[in-house]
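Encoded as C-alpha cells, here's the structure I'll be asking about.
The values are calculated or read from the model by the stated rules, or taken from the named source; none is laboratory data. As the structure is a computational prediction, the values presented were derived from the model and not from experiment. Don't worry about glycine lacking a Cβ; one is built from the backbone with ideal geometry, like all the others, and counts go over all protein chains shown.
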Amino acid sequence: MKKKSNLILILSLMFVLGLSSCNSSKHKAETTFDRIDSLRSHLLTIEDSLLYTWNVMIQDDNEKLSDLSRLLDELKYANVLDSNIINAHKEKVKGVKSSRYYMTKMTSEKIDYYDSISLALSAQIIQLIDSFPDVASKYPFINELIESVYAREANVLRFRVDYDYVAKIHNQFVMDHEDIIDQIDPEYRHTILTLFELPPKDQ
C-alpha cells in the first residue's frame, strides 16, 4: 500500500512538473512573439519615416529637373535658339534623371556622379539663357524658374541631413537585431543603408 502511495506521489509530481514546464514554454513563446511583434511595429515606424524623408528629397529634385525642362521650353517660345540645341538639352535632363541613385543601391561614387552632372546641366542651361539678355525681360517666368532651380539646389543638403538621421536609426536597428531581423520582417531583406554624409577618414 505504501509503495502504491509513493508511486502515486511520484506520478503526481511528474505531472505537476510537466505541466509547469509546458506553461513555462508557452509563456516563453508568448513573450518571444510579443517582443517580435513590438519590434516589427517599431521597424515599420522607422521605415515610414525613411520613405517619407526620401520621397520629399526626390520630389524636390524632380521639381528642379522639371524647372530646367520648362526653362528650355521658354527658350523655345522665345525662338532665340536652334531647336536641335534645345532638344539635345531636353534629352540631357532626361539622362540626368535616369542616372539618379536609388536608396538601396547608392554609393558615394554614384552620389558624386549624379551631383556633378546635375549641377553641370543647371549651369549650362542658365548660361544659355544668360547669353540672351533680352529674353528674361520679355519672359519674366524665366526668372522665377531660375530662382526655383537655385532654391531647390540649396535644399539638397537639408533634405539629405534629414534622410541620414532616419537612415542611421534604421541601420542601428538592423545591427542591434541582426540575429532576428528575418523574423521581424521575413518579406524583405534589410541591409545597412548608405548615407549621404562622408564616412570618417579612418574608415
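Would you pick out the residues in the stretch 143-156 that are under 12 Å from E63 (Cβ atoms) and either at pLDDT below 95 or of a type in the set (S, T, N, Q) (or both)?
S148, N155
Follow-up. Of all residues in the stretch 123-156, count the ones that are free of Cβ contacts under 8 Å to residues at least 12 places away in the same chain and of a type in the set (A, V, I, L, M, F, W, C). If you could, list the steps in order and put the result at the bottom.
Within the stretch 123-156, the first condition is being free of Cβ contacts under 8 Å to residues at least 12 places away in the same chain, and the residues that meet it are 123, 127, 130-131, 133-134, 136-137, 140, 143-144, 147, 150-151, 154.
If we keep only those that are of a type in the set (A, V, I, L, M, F, W, C) as well, we get 123, 136, 151, 154.
The qualifying residues number 4.
Check the stretch 162-182 and report whether any residue there is in contact (Cβ under 8 Å) with a residue 60 or more places away in the chain, in contact with a Phe, Trp or Tyr (Cβ under 9 Å, 6 or more places away or on another chain) and under 30 Å from A88 (Cα atoms).
No, there is no match, as no residue in the stretch 162-182 is in contact (Cβ under 8 Å) with a residue 60 or more places away in the chain, in contact with a Phe, Trp or Tyr (Cβ under 9 Å, 6 or more places away or on another chain) and under 30 Å from A88 (Cα atoms).
Condition check ((1) more than 20 Å from Q59 (Cβ to Cβ); (2) not hydroxyl-bearing (S, T, Y)) across all residues:
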{"site": "M106", "(1), (2)": "no, yes"}
{"site": "I111", "(1), (2)": "no, yes"}
{"site": "S131", "(1), (2)": "yes, no"}
{"site": "F141", "(1), (2)": "yes, yes"}
{"site": "R158", "(1), (2)": "no, yes"}
{"site": "E178", "(1), (2)": "yes, yes"}
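Something else about it: Run I129 past the list (1) modelled with pLDDT of 95 or more; (2) surrounded by 17 or more Cβ atoms within 10 Å (Cβ to Cβ); (3) among the hydrophobic types (A, V, I, L, M, F, W, C) and report the number of the one that doesn't hold.
Checking I129 against (1) modelled with pLDDT of 95 or more; (2) surrounded by 17 or more Cβ atoms within 10 Å (Cβ to Cβ); (3) among the hydrophobic types (A, V, I, L, M, F, W, C), the one that fails is (1).
With S122, S118 as the choices, which residue is buried (at least 17 other Cβ atoms within 10 Å of the Cβ), out of contact with any Leu (no Cβ under 7 Å at 6 or more places or on another chain) and closer than 20 Å to E63 by Cβ? Outline the logic, then answer.
Values: S122 fails: out of contact with any Leu (no Cβ under 7 Å at 6 or more places or on another chain).
One residue alone meets the criteria, S118.
Could you tell me which numbered condition L72 fails, if it satisfies all but one of (1) over 23 Å from L198 (Cβ atoms); (2) in contact with a Leu (Cβ under 8 Å, 6 or more places away or on another chain)?
It fails just one condition, (2).
I'd like the residue in the stretch 145-185 that is closer than 21 Å to T45 by Cβ and of a type in the set (S, T, N, Q) and, out of all such residues, is nearest to the chain's Cα centre (by Cα).
Checking each candidate, the answer is N171.
Sort out for me the helices (runs of 4 or more DSSP H) sitting completely within the stretch 115-196 that have 3 or more residues that are among the acidic types (D, E).
Values: elements: 133-138, 141-176, 181-184.
Correct list: 141-176.
Within the set of pairs 6 or more residues apart or between chains, which connect a residue that is without any contact (Cβ under 8 Å) to a residue 24 or more places away in the chain inside the stretch 55-81 to a residue that is not polar (S, T, N, Q) with Cβ atoms less than 6 Å apart?
K76/I86
Looking only at the stretch 148-196, filter to residues that are surrounded by 13 or more Cβ atoms within 10 Å (Cβ to Cβ) and of a type in the set (D, E, K, R); which one of those is farthest from R70 (Cα to Cα)?
Applying the filter and picking the extreme gives D182.
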